[in-house]
Every structure is written in structure tokens, then in C-alpha cells.
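Reading through the C-alpha cells given below for one structure.
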Amino acid sequence: MSIHAPLILDIEGISLNADDRRRLAHPLTGGMILFGRNWQNRAQLTDLCAEVKSIRADLLIAVDHEGGRVQRFRTDGFTHLPPMRALGELWAQDAQGQPGSGVLKACEAATSAGFVLGSELRACGVDFSFTPVLDLDHGESGVIGDRAFARDPRVVSLLARSLMHGLLQAGMGNCGKHFPGHGAVKADSHVALPVDKRGLKTILADDAQPYRWLGSVLTAVMPAHVIYSKVDSRPAGFSPRWLQDILRRQLGFQGVVFTDDLSMAAARQMDGRTLSYAEAVITALEAGCDLALLCNRSAVNDGTELDEVLDALAEAQLKGHWMPSEISEERRLNLLPRSPARPWDELVRSSDYMQALDRLP
């Protein structure tokens, strides 16, 4: 039977309980996503990550840690990183009579932001962050807003590439989101299902361009919880058209495809009905996702919904309704860092870290 651990789940508190350990040991669990509720201080986070790895060394420990308003850890030495718009604004100084200076400073600052972000997380045992945002700032989306670098896909691509270079220097991969672009819709996909009525040609020529230009350096992609109605009636994360035909075949992407959080209110809407958590996970995997995120369920009914999803995945596998993918599992394992992390005390005394801090806007 093929091995594939597709589920990324959460835990309730600052340490593992018996149910957390049992779920993390399950062969269909591929990793854990951290939230602010899982943070007390650096020592606690480091101990938590070490305990997770003691259960299974191959588990991916991930977090949404972008900078600005999306940064889970902000105290006990963690650097307050700027929102990505601040880097775009630094770039724009070129248009104010300072040729070259803004672009170069912005790219250098983006690399420094990626290096600081990745190094600080890795020093505490975190493997991976869901960053950078590749959405274009159309001025429409409140949920994206200053998380976007800029409106111009060229600026977004070059600043994102610089940020990813900094992550790479820290030994961390990256995740471009939200494919093919969330910035042109007003609705917040945490609570509603946005619909983008533009045609495929328009989207590919604008919002999706960063995915084309960054294909060789992106290690992961997260599709948007958005319906692009002229392309497919399904949201991008449930759409073989978007994930297999366009992202994989047309744009040539070879890395990991994560779902966005399938616990969100709009995330399980498809073909006019609300899918169960298990149906949503299996549908997303069958559509072309490699890994499925199911967040914020561990504290609900003692996490029984997570157990139900794991049981449903196992049953679907036995009955042949879901076929595990060795390629997807290989992609998951490739997200794990290959080099040892520098301990925190060594990191913060290092010259490259101090220089990176000086270059942040």
C-alpha cells in the first residue's frame, strides 16, 4: 500500500496532550500547524517542536508567519517584521526621483526579511512558514490588503523572489499564495465564498504571472478559496482544471500544493452544498492537492472531527476511493529542512543576522 501522509492538523494548547500525540503518530498525519495560542515563549515553543519531532521526525511543523498583521510569534525576542506592502513602498521610491535606490533597497530588505523570518522560526524548531503572499494589491480585498507587496505582478515577483532567497539562506522553503490570485475580490474567504468573474486570459496575464515567473523557485503553492466562474464552477482548491491543467501542466509547477484551511466557513462550499470535513479533504486531494490543512478543530468536541477525518481517509484508502500518492509524499518530505538550524543565542550574535535586521524597513 502506498505511503502518503496528507493531513496537516492543529493542537489546542502550548504542549501536547495524549490525543495530540496519538493523532500526530497516525500514519496519515503529515504535520502540524501552529497558532498564537500555541505560543508562550521561545523555550516553550522549542520544547513543543522537539516533542513533536520525538513522535515522528518526518512531521512538518508549519506556521502562518508572514510579517505585519499575520505573525504568530511577536514576543521574547522575535522580530516584528513589516507587512509586505512596506517593501513595495520602498521599491516605489524609485519613482520619486531616486533612480535605482528604491528597487535595490527593497530587494535587499525583502531578502533580509526572509532570512530573519526563517532563521528565528528554525531556531525554535519550526520547519516551514506559509509565505510569501503573491496576490496583487487591487485595492479590493480587505483580507489581503497590506499583506500584498504591490499591484504590479513584476514588482510582486521580484520582491517575492528576494524574500524566498532569504528563506533559502535560513534553510527554509516557501509557499506562494493564493493561486491564481485573491486580490481582486472583496469577500473574505474566511466567512464567504468570493467569486471572481474575470476570464482565464485576463487572470493568467495579471494575477497568475508571479506563479509563471517564480515556478523554478517556488517550493509550495496554496490555492485560493475563490470561484473563478468563467474558468470553473469549483473553487480553485477543489478544481482539477486549476490545479492539474493550469498550475501543473500549463505553468509547469512541480512542488507541493497545500489546501488553504478547510475549516473556514467558505472552504467547504462546492457545487451548491457544504462538504463535510472528510469530504473536503478527499475532494481536494483528488483535485490535485498534495496536503490538506484542517485548522482550529482540536479544541472542538475534544478534536473528534480530526479523528473522523483520519478514519475517513483510512477507509477511503482501503476502499480505493482515495489513492495515496508517493509523489505527493516525496514532495512533503522535500519541505523539511536539510541543514541544522542555528541555536537562538548563536543566531542573534551572528553578523549576518544583525546586518539583516539593519536592512529591514
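Read-outs: derived from the displayed coordinates by stated rules, not from any lab. Since this is a predicted model, take the numbers as computed values, not measurements. Reconstructed Cβ throughout: ideal geometry from the backbone, glycine too, with neighbour counts over all protein chains shown.
Model label points for Leu336 and Arg151, set 7 angstrom from Cα along the Cα-to-Cβ axis, are 4.5 nm apart. With a ≥ b ≥ c taken as the square roots of the eigenvalues of the C-alpha gyration tensor of the stretch 65-194, please select rounded if a/c is under 1.5 and otherwise prolate if a/b is larger than b/c or oblate if it is not? Oblate, since a/c reaches 1.5 and b/c is not below a/b. Taking the chain as a Gaussian network of alpha-carbon nodes connected by springs under 10 Å, the highest mean-square fluctuation of the residues Glu286, Glu346, Glu12 belongs to Glu346.
Determine the percent antiparallel among the DSSP beta bridges restricted to the stretch 168-327, to the nearest 5.
Once the DSSP bridges in the stretch 168-327 are tallied, antiparallel ones form about 25 percent.
Which percent, nearest 5, of DSSP beta bridges in the stretch 7-359 are antiparallel? The answer is about 20 percent antiparallel.
Indicate, rounded to the nearest 5 percent, the antiparallel portion of the DSSP beta bridges found entirely in the stretch 1-128.
20 percent
Would you mind estimating how fast the stretch 1-158 diffuses translationally, via Stokes-Einstein at 37 °C and 0.692 mPa s with the Kirkwood radius over Cα pairs, in µm²/s? After rounding, the answer is 190 µm²/s.
Among Met32, Met164, Met270, the largest mean-square fluctuation in a Gaussian network model of the chain (Cα springs under 10 Å) belongs to Met270. Could you point to the label whose value was computed as P(r) over Cα pairs in 10 Å bins from 0, in percent for the structure here, given (i) 5, 26, 35, 25, 8, 1, 0; (ii) 5, 23, 32, 27, 11, 2, 0; (iii) 5, 21, 29, 25, 15, 5, 0? Identified label for the calculated read-out: (i). For the stretch 10-15, the Karplus equation 6.51 cos²θ - 1.76 cosθ + 1.60, evaluated at θ = phi - 60°, returns couplings of 10, 10, 7, x, 8, 8 Hz by residue, with Gly and Pro reported as x.
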